[in-house]
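What follows draws every value from the coordinates through simple rules; no lab data is involved. Just so we're clear, the structure is a prediction, and the values are computed from it rather than from any experiment. Every residue, glycine as well, gets a Cβ built from its backbone with ideal geometry; the counts of neighbours run over all protein chains shown.
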Amino acid sequence: MFKKIICLVFLSFLFLTSGNVFAQENKNIVNVYFFWGNGCPHCANEKPFLDKIEKENEYVHINRYEVWENKENLDLLINIGKELGVNVSGVPLTLVGDESFVGYAEGYTSKQIEDRITYCSTNKCYRVSEFCP
């Protein structure tokens, strides 16, 4: 009887953990585009938040573009703004799917970005990748 209980517990554990791994594997890749400026305090606050999100979620890829000192990245930002109709006059600017987030406030913008990443991980979102390398 004891062996049956141990076996059931072990099988339950395998089922539960394999379900979590399976769920993680079935998530859509979510590309996040983070446009920032060297010396921008709001950008500096957002960086660790995005690093943590990327580290904790295999399906999230953060694409980082510094725009104050890199003209190519600035041109890319301007072109994306024109194509998507997004206001690109300030940084940080974060794009997740078809949504943009200008500025950063821990607890407010961070929650909006997390919610959008979660949504895009299970639903098809418009991808900015056709404009970004």
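Compared with the alpha-carbon gap, the fully stretched path from N57 to N123 is longer by 22.2 nm at 0.36 nm per residue.
Mind scanning K82/K124; K27/K82; K52/K82; K27/K52; K47/K82; K71/K124 and naming the pairs with a C-alpha gap bigger than 27 Å? Intermediate results must be reported in sequence, preceding the final value.
Numbers: K82/K124 23 Å; K27/K82 30 Å; K52/K82 30 Å; K27/K52 18 Å; K47/K82 25 Å; K71/K124 31 Å.
In this structure, K27/K82; K52/K82; K71/K124 exceed 27 Å between Cα atoms.
Modelled spin labels at I29 and I78, positioned 7 Å past Cα toward Cβ, are 3.0 nm from each other. With 0.36 nm allotted per residue and the present C-alpha distance subtracted, the F49-Q112 stretch has 21.5 nm of extension available. Distances over 19 Å make up what percent of all Cα-Cα pairs in segment 24-133? Counting pairs separated by more than 19 Å, the tail of P(r) holds 40 percent. Label positions at E66 and A105, each projected 7 Å from the Cα along the C-beta direction, are separated by 2.8 nm. Of the peptides 110-123, 86-99, the ranking by mean beta-carbon count within 10 Å, highest at the top, reads 86-99, 110-123. Distances between placed amide hydrogens fall under 5 Å for V67 paired with W36, G37, N38, all partners being 5 or more residues away or on another chain.
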